[in-house]
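The values are calculated or read from the model by the stated rules, or taken from the named source; none is laboratory data. Here the structure is a predicted model, which is why all the values come from computation and not from measurement. We place every Cβ from the backbone using ideal geometry, glycine too, and count neighbours over all the protein chains shown.
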Amino acid sequence: MSSDSDSDRGRDRVLAPAPPADGSTVRGPASYFPSIEARYGRPVQEWLDLASERLDAGEPHMQVVAALKGEHGMGHGHANAVVAFVKAARARG
């Protein structure tokens, strides 16, 4: 088993949502995802995984937001959307 497996993380992986098949408008934190990918040049899944790892390590929401901003140059709204999406997905189970 690789060290990158879901069971090694201790939590289920939060997956990036697929765009709505009916073309409807996405609401909430996921509405930022297309612009996050365009602006920072990385798939949103990488940002979700990074936020998940930090949350799993016990870092609070705003500390993870600050890390995304400070270490990766992400804007506040984008960083907060990533962290909020991960937390909301986990709360839904």
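Quick notes on this one:
- Residue satisfying all of: in segment 16-32; in a loop (DSSP other than H, G, I, E, B) and of a type in the set (Ser, Thr, Tyr); nearest to Val83 (Cα to Cα) among these: Thr25
- The conditions of being part of a loop (DSSP other than H, G, I, E, B) and either within 11 Å of the chain's Cα centre (by Cα) or of a type in the set (D, E, K, R) (or both) are met by Arg42.
- Cross-chain or 6+ apart pairs with Cβ under 8 Å, segment 50-75 first and in contact (Cβ under 8 Å) with a residue 40 or more places away in the chain, then surrounded by 15 or more Cβ atoms within 10 Å (Cβ to Cβ) and part of a helix (DSSP H, G or I): Ser52/Val86
- Condition check for Arg90: under 15 Å from Pro17 (Cβ atoms) and either of a type in the set (Phe, Trp, Tyr) or surrounded by fewer than 15 Cβ atoms within 10 Å (Cβ to Cβ) (or both): yes
- Flag for Glu71 being part of a helix (DSSP H, G or I) and modelled with pLDDT of 95 or more: yes
- Filter result (more than 18 Å from Tyr32 (Cα to Cα), part of a helix (DSSP H, G or I) and either among the aliphatic types (A, V, I, L, M) or free of Cβ contacts under 8 Å to residues at least 60 places away in the same chain (or both)) within segment 76-93: Ala91, Arg92
- Any hit, segment 38-54, residues being loosely packed, with under 15 Cβ neighbours inside 10 Å and touching a His at 6+ places or on another chain (Cβ under 8 Å): yes
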